[in-house]
Amino acid sequence: MEKGKDDRLRELRKLIRDHDEKYYRDANPSIGDQEYDLLKRELEGLEEEIDPLGLFKTDGSPSGVGEESMPQVGDDRLEAFASHQHLLPMLSLDNTYDEAEFFDFDQRLKKLFDHSDLPYVVEPKIDGVAVSLTYLNGTLETAVTRGNGVEGDVITQNLRHVDSLPFDLSHLDLPEVLEIRGEIYMSHEEFTRLNENRAQEGLPLYANPRNLAAGTVKLLDPKEAASRKLEIVLYGMGACTPESRFANQSEFHRAIREWNLPTVEFLQSVPSASAAWKAIEELDQLRHGYGYPTDGAVVKLDSFEMQRIAGNTAKAPRWAIAYKFESERQETFLEEIALQVGRTGAITPVACLSPVQLAGTTVSRASLHNADEIMRKDIRVGDFVIVEKAGEIIPQVIESVPAKRKPQSVPFEFPSDCPVCSTVLIREEGESAWRCPNSTCPEQVKGRLRYFASRNCMDVDHLGEAVIDQLVDKEKVRMASDLYELSKEDFLELEGFAGKSAENLVESIEQSKQAGLGRLLCALGIKHVGSSVAKELARRFSSLAELGKASQEDLVGMDGIGAVMAESISDYFNDPDTQSMVEKLELAGVVTTRPEIDSKDLPFSGQSFVLTGTLETFSRLEATRMIEEKGGKVSSGVSKKTSLVVAGPGAGSKLTKAQSLGVEVMTEDEFVSLLENS
């Protein structure tokens, strides 16, 4: 074995092991899929060149007897989870970014079957977490991650809140034993919602939907997992008893739909590889309109008998391939690294870029995540950098271009002091963010006030960022309760105000007193408490005063609240500044109690609604508020329990599923009429 190639082989194996650890176990990859795939290909090429007979394992030691039958995939198992063995191994897919390689895949199969054309199915490759569900006599027994391909972690408890996943199908004609393979994912809408909450709390943003979904399924607290809306899609068959139940992939997909299980919205059965390529190109155009991240197309032989004959390698099936779409990246110039101070004190670095077109939008700012990421990637002011939209949503800096770096360039030094108030920054154990511990830091005060007045909280019209900046800079407001002590004259002292505009803002602040307990709890900005938890707290406790007296044990027993959140709520209400502010809010006339209304008497009591498509009369937030005020609940997914789907223009898979389940569907106009008459 040549010394140079041997060294590179060992280096590649270590690199890939490290990247597998970060991707599968930590859900925090440090490189993109394409870079990882290139490393894997280089490794496979070297292994083939040095060891064509496969006499050595991936760690360089001689292979044992029978190891060719053991799957060689990444391992996502964690010690804290119970393990479960798959009835059939759960392999990864070979993938390609190249059209010629896709047709080479087809040529290999043609030679095996001696056919001029082969039947395929084409599906979207959803960027999520692979899962295997085992139904015994129609009842879901286990949900298991891929793990090492032979056995994975049991995550059943973290999927019980997935609306679209039925646990009991015993009334249907399912096979006695059935493994169904699929993908757990997070929608763009939910990912955006969670990141908006993070931004409002001054916390670093999540990197992309895939990583967040992977982290959520591995949460040890099912209540915390339930607070993040996961979704699932099913598309493949593992073990099946009796085996002869389905002849091909297309037939299995039809069965999934008939059982009302969630499945892919794009599926084409095609007679040849050339037709499959056209389907891939069509999917590449359609995927940008989907509500979930897709990063490619999966092409499989349709016939299960052909799949059996083609067989598997140690790593992947020979009868399927994933064609990966190129992620859109652009090179641009990093003008500055700005440091934002959030309302909780978290310091978030942001790349200020020369504007560049990326995935249809102009990007001039991008996430840098935290100090560790800047150091690891060696991002420097004055660099040319590569920018990509993570999960097609959030622009982020992937890497710098060292070849274009100026000789006088110096590494970026993360400051030790707050850029606003000069307080020494701290970093708590287990956290990636540096924080300013000074709660009176002007930027934190401004962030808390912006959050308090936002639409999802107290909804104070006309109290925008510029007004809040002036109020804090002039020391007229220090905490939220101070807003209710302001007069018309206070606003007339600010730039941009005349008599009428000052009166309007005073009136808007006065109206916000009636926002209600749930929205007030959200507006207070308690760490880890978002709008859904705030609503739950308002249903459980009759007032701020009652909640303030609750013990951590009282809180942990509630749906969606774990030990960390309970401690945060308890600490917040035990703080003297909080107690002073609550007292001032009560004295100002802000409603801090919930009305004694029997929800059973409300018109939408016990009903579940799903909103899909574009709403034109009002925003989704407003529609949700109106439904909840009438006793209803808004859900993210359609199931048999859904009472009504409101479908606007552009409604897609949720509308299709509602129609297949026989769930009532209304247009927006019909829904408005329902609201007016209920």
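Nothing in this text is a laboratory measurement; each read-out follows from the coordinates by a stated rule. Note that the structure is a prediction, hence the values are computed from the model and not measured. Ideal geometry is used to build each Cβ from the backbone, glycine not excepted, and the neighbour counts take in all protein chains shown.
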Under 12 Å, Cβ to Cβ, from residue 638 - net charge with Lys/Arg +1 and Asp/Glu -1: +1
Global geometry of the range 83-324, whether rounded, prolate or oblate, following the gyration tensor of its Cα atoms and the 1.5 cut on a/c: oblate
Test item: Cα-centred dipole of the range 357-494, Lys/Arg +1 and Asp/Glu -1 on Cβ, debye: 520 debye
Ordering of 426-434, 518-526, 653-661 by packing [mean C-beta count within 10 Å, highest first]: 518-526, 653-661, 426-434
Furthest towards positive pole of dipole, 303, 273, 316, structure part the range 269-327, Cβ charges: 316
Most positive-pole-ward Cα, 445, 656, 483, against dipole of the chain from beta carbon charges: 656
Total formal charge among the other residues, if their Cβ is under 15 angstrom from that of residue 617, Lys/Arg +1 and Asp/Glu -1: -4
Packing-based order for 327-338, 226-237, 245-256, using average beta carbon neighbours within 10 Å, highest first: 226-237, 245-256, 327-338
Most to least packed among 539-552, 291-304 [average Cβ atoms within 10 Å]: 291-304, 539-552
Within straight-line cross-link reach of residue 110, aspartates and glutamates at Cα separation under 16 Å, skipping those fewer than 8 residues along the same chain: 101, 302, 305
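Determine how many Å³ per residue the convex hull of the Cα atoms of the range 132-184 encloses.
So the per-residue hull volume is 79 Å³.
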Computed helical MRE - 222 nm, the chain, DSSP H runs ≥ 4 contributing -39500 (n - 2.57), nearest 500: -10000 deg cm²/dmol
Cβ-placed point charges (K, R +1; D, E -1), dipole of the range 331-437 about Cα centre in debye, nearest 20: 200 debye
Projected area, mean over directions - the chain, Cα convex hull, nm²: 34.2 nm²
Degrees, to the nearest 10: 188-200 long Cα axis against longest axis of the chain: 40 degrees
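What's the magnitude of the charge dipole for the chain around its Cα centre, counting Lys and Arg as +1 and Asp and Glu as -1 at the beta-carbon? Answer in Debye, nearest 20. Could the numbers behind the result be given before it?
Details: 76 positive and 115 negative charges, 61 e Å.
Rounded to the nearest 20 debye, it is 300 debye.
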Gain in span if fully extended, residue 527 to residue 461, counting 0.36 nm per residue against the direct Cα distance: 21.3 nm
Signed unit charges on C-beta, dipole axis of the chain, positive-most listed residue 205, 614, 433: 614
Environment charge of residue 587, counting only residues whose C-beta is closer than 14 Å and scoring Lys/Arg +1, Asp/Glu -1: -2
Label-to-label distance, nm, for residues given as residue 137 and residue 325 (7 Å Cα→Cβ offset): 4.4 nm
Overall dimensions of the range 333-447 by Cα: Rg and Dmax, Å: 14.9, 44
Between helix 576-588 and the chain: long-axis angle, C-alpha atoms, 0 to 90°, nearest 10: 60 degrees
Directionally averaged shadow of the range 442-588, computed from the convex hull of its alpha-carbon atoms, nm²: 8.3 nm²
